[in-house]
Amino acid sequence: LPIYYSKSDEKTKTSLKVIGDHIRAVMHMITDEIRASNVGRGYVLRRLIRRVVRHGRLIGIEGEFTTKVVETAISLSEGAYPRVREREDAIKAELQREESQFLKTLERGEKLLEEVIAKLKQEGKTVISGEDSFKLYDTYGFPVELTQEIATEQSFSVDVDGFNAEMDKQKNRGRESHQTIDLTVQGELDKLAAEIEVTDFIGYTESTATSKVEAILVEGISTEEAEAGTDVQIV
């Protein structure tokens, strides 16, 4: 059934405003060739798309819908900004890809977060621990900002300092396990780079692909095979 702004309650009106405002911002960002990612302005774009998707769910929209909403945004904007129509296919492709991925994340993460909140209610607590919020982020790809938003809606808060501490622990573990390449074997790497064809990057249009192993390196030296348990680099 259609949702009419004038006949909606305040929560629904807020969600409709978020969807309308964010979808317009997203449209212009993608028009300016910004792509969703986990860093910088790409992360801002990803967060905006995810808020649109979640507020769609809050008002009862099931399945993917952002590409339909952006059609209206493009129609309203193309008079002043004709490039949004030129970039229509790119805008819709980016929205569809991000929405599809996030719907899977949202379903898993929301279920776990509901369990966490229910347990805290039984214990008489109102703060989601850094450990729980980091597990949502690390295991399910559930952004801490979204955990905070959902928590606030239910009069809960998130231990952000605890979350950041868990993030720092993971970074430190990564540094400790990081293996650097011995510069003395750079000649071997340069030789491989000259012999192997340039990668055909298809990430803008495909989410999966079949690849061929071109080289195996053990301690920076190319080899035909490696034993189980050996640290290797794969090209």
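The values are calculated or read from the model by the stated rules, or taken from the named source; none is laboratory data. It should be emphasised that the depicted structure is a prediction, and the values quoted were computed from it without experimental measurement. Heads up, the Cβs are rebuilt from the backbone with ideal geometry, glycines too, and the neighbour counts pull from every protein chain shown. Heads up: the accessible areas ignore ligands, DNA and RNA and are worked out on the full protein's heavy atoms, side chains in. Shrake-Rupley method; radii C 1.70, N 1.55, O 1.52, S 1.80 Å.
Laid out as a table, the results:
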item	result
Count of residues meeting criterion [surrounded by fewer than 11 Cβ atoms within 10 Å (Cβ to Cβ), within 22 Å of VAL116 (Cα to Cα) and without any contact (Cβ under 8 Å) to a residue 24 or more places away in the chain] in the stretch 152-168	1
Selection from the stretch 22-50 of residues that are open to solvent by 80 Å² or more (accessible area, probe 1.4 Å), assigned to a helix (DSSP H, G or I) and farther than 24 Å from ARG85 by Cβ	ARG47
In the stretch 70-80, the residues that are part of a helix (DSSP H, G or I), surrounded by fewer than 17 Cβ atoms within 10 Å (Cβ to Cβ) and not hydroxyl-bearing (Ser, Thr, Tyr)	GLU71, LEU76
Members of the stretch 141-165 that are aromatic (Phe, Trp, Tyr) and modelled with pLDDT under 90	PHE142
Test: THR67 is open to solvent by less than 80 Å² (accessible area, probe 1.4 Å), assigned to a helix (DSSP H, G or I) and farther than 30 Å from THR139 by Cα	no
Single residue of the stretch 215-235 satisfying the filter (over 30 Å from the mean Cα position of the chain (by Cα) and at pLDDT 85 or above) that is most open to solvent (accessible area, probe 1.4 Å)	ILE216
Test set (1) surrounded by fewer than 17 Cβ atoms within 10 Å (Cβ to Cβ); (2) in a helix (DSSP H, G or I); (3) in contact with an Asp or Glu (Cβ under 9 Å, 6 or more places away or on another chain) - SER6 fails condition number	(3)
Selection within the stretch 81-136 - open to solvent by 20 Å² or more (accessible area, probe 1.4 Å), more than 13 Å from the chain's Cα centre (by Cα) and hydroxyl-bearing (Ser, Thr, Tyr)	TYR81, THR126, SER129
Criterion violated by GLU62 - all others in (1) part of a loop (DSSP other than H, G, I, E, B); (2) open to solvent by less than 40 Å² (accessible area, probe 1.4 Å) satisfied	(2)
Residue within the stretch 63-70 that is of a type outside the set (Asp, Glu) and touching a His at 6+ places or on another chain (Cβ under 6 Å) present	no
